[in-house]
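This report refers to the structure that appears directly beneath it.
The values are calculated or read from the model by the stated rules, or taken from the named source; none is laboratory data. Owing to the predicted nature of the structure, the values given are computational and were not obtained by experimental measurement. Using ideal geometry, Cβ is built from the backbone for each residue, glycine included, and neighbour counts are taken over all protein chains shown.
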Amino acid sequence: MKPFKLGQVRPLGCAGMSISEQIADKLRALEARMPEVEAGLVATPDGLTIASALSPDADEERIAAMCAAAFSTAERICNELNKGPVQMSFVKGDGGYVLITSSGPNAILMVMAAPKAKLGLLFLEMRRLAKEIEELVKGP
């Protein structure tokens, strides 16, 4: 499988938009559909940002690196405990949720949600979005 290259352009109904721009649009659309979603980010498994819909004051590079590390740790835990492939890394704090899932071998998806988020619906939306992102970053 060919690796994703930042800034790569591939027409998929969004002529002239880079893959990063297409993914950022999808992240913003998720926020519009689900008001409980506060932010989103897509990164490589190595922790490099592909696209984000974070607040302007957020340290995008740092968050991408932390999400990649958290997902990698979840993979190692599941492997060590014979629980099969990771479906999602789920962190709950007083201020809400941080959910991280795979978008295929080339990307991970992180979504931040408010404490009152409807998790079942959010899981469904994240699975759908992860598949769309996987198609965009899988290469030609």
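Restricting to the range 35-57, and then to whatever is in a loop (DSSP other than H, G, I, E, B) and under 24 Å from Val137 (Cα atoms), can you tell me which residue is modelled with the lowest pLDDT?
Ser55
With the structure loaded, tell me whether Asp25 is surrounded by fewer than 20 Cβ atoms within 10 Å (Cβ to Cβ), over 19 Å from Gly95 (Cα atoms) and in contact with a Cys (Cβ under 9 Å, 6 or more places away or on another chain) or whether it fails that test. Yes: the conditions hold for Asp25.
Considering each of Ala64, Ala68 in turn, give the residue that is touching a Pro at 6+ places or on another chain (Cβ under 9 Å), assigned to a helix (DSSP H, G or I) and modelled with pLDDT of 95 or more.
Of Ala64, Ala68, the one residue that is touching a Pro at 6+ places or on another chain (Cβ under 9 Å), assigned to a helix (DSSP H, G or I) and modelled with pLDDT of 95 or more is Ala68.
If you check Pro105, Pro85 for being in contact (Cβ under 8 Å) with a residue 60 or more places away in the chain, surrounded by fewer than 16 Cβ atoms within 10 Å (Cβ to Cβ) and either in contact with a Leu (Cβ under 6 Å, 6 or more places away or on another chain) or farther than 23 Å from Arg28 by Cβ (or both), only one passes: Pro105.
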